[in-house]
Amino acid sequence: MYAIVECGGKQYKVEQDMLVKVEKIDAEIGASVELKVLMVADGEGNVKTGEAASACKVTATVNAQDKAAKIFVFHYKSKKQIRKRQGHRQPYTELKIVSIEG
């Protein structure tokens, strides 16, 4: 059984006991979070969408609050001696999917 959930404006395909990195959520480590369900499918070809899917429930626990690997942004103008280097680390929340009910 799997579900398509929305979190932070993005959609994720999740299964039970799966670890998912999503946009940062303000929650403590170990806290339980309910995700918005867009679609639920079981292994036999039964699919629920729309209002039937919103009645389903996906529960996750917060596993970690961390930052992703650093990426470098480099601005360069030729023949002008302009070089600007900037780093960025995007914060994320790691969720462990506990249950998919529906």
GluC sites (Glu not before Pro) restricted to DSSP loop in segment 33-102 with at most 16 other C-beta within 10 Å: 44
task: Take the Cα radius of gyration of the chain and divide it by 2.2 N^0.38 Å, with N its residue count; two decimals is plenty.
output: 1.47
message: Just to be sure I understand: with springs between alpha-carbon atoms less than 10 Å apart, which residue in 79, 67, 13 has the highest mean-square fluctuation in the Gaussian network model of the chain?
response: 79
message: So if each residue of separation counts as 0.36 nm, and I subtract the Cα-Cα distance between residue 31 and residue 68, what length gain in nm does that give?
response: 11.2 nm
field: Label-point separation in nm, residue 16 to residue 89, each point 7 Å along Cα→Cβ
entry: 3.6
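Each reported figure results from applying straightforward, stated rules to the coordinates on display, with no laboratory input. Treat the numbers as computed from the prediction; the structure is a model and nothing was measured. Virtual Cβ from ideal backbone geometry, glycine too; neighbours counted across all protein chains shown.
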